[in-house]
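Notes follow once the structure below has been shown.
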Amino acid sequence: MNTNQKLRTFDLIREAVLPEYRDRVNEYLSLYEETLHSENTPAADIQASAQQLRGYLRGLNTTRVLGMADWEELDRRISESWL
């Protein structure tokens with residue numbers, strides 16, 4: 001996946017989250033985004049962060065903050081981009 005697609009993944013996450021949770025979720029996403037897009041982050045840390053992000057999104061899906069179809073697509077994108 002190219003850099004634009006990777007950047008777009010975080011936009012898609014933000015759009016998929018129910019509006020009343022977006023501010024709170026954005027706080028967490030900004031930390032993942034910074035780590036995953038940093039050129040200075042070691043590969044092992046990138047993989048660990050990507051796995052943590054997948055778990056976070058799975059939790060959002062479980063609590064119905066994020067829909068199943070969105071979760072499946074986002075999970076696929078994260079796997080292809082960083083794992």
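Amide H contacts for L66 (H built 1.01 Å from N in the peptide plane; partners 5 or more residues away or on another chain; cut-off under 5 Å): N61. Each residue of segment 42-51 was assigned a 3J(HN,Hα) from its phi angle through the Karplus curve 6.51 cos²θ - 1.76 cosθ + 1.60 (θ = phi - 60°); the sequence is x, 4, 5, 5, 5, 5, 5, 5, 5, 5 Hz, with glycine and proline shown as x.
Within the chain, report the trypsin sites (Lys or Arg not before Pro) that DSSP leaves as loop and that have at most 15 other Cβ atoms within 10 Å.
R64
With contacts taken as Cα pairs under 8 Å and at least 6 residues apart, the chain reaches a relative contact order of 40 percent. Helices in the chain, meaning DSSP H runs of at least 4 residues, each add -39500 (n - 2.57). Divided by all residues, the mean residue ellipticity at 222 nm is -26000 deg cm²/dmol. Residue by residue, segment 77-83 carries 3J(HN,Hα) couplings of 5, 5, 4, 5, 7, 10, 10 Hz when phi is fed to the Karplus relation 6.51 cos²θ - 1.76 cosθ + 1.60 (θ = phi - 60°); x denotes Gly or Pro. Rounded, prolate or oblate, given the Cα gyration tensor of the chain, with a/c below 1.5 counting as rounded? Prolate, since a/c reaches 1.5 and a/b exceeds b/c.
Throughout, read-outs are computed from the coordinates displayed, never taken from laboratory work. Predicted model, so just to flag it, every value in this text is computed and none were measured. Backbone-built Cβ (ideal geometry, glycine too); neighbour counts: all protein chains shown.
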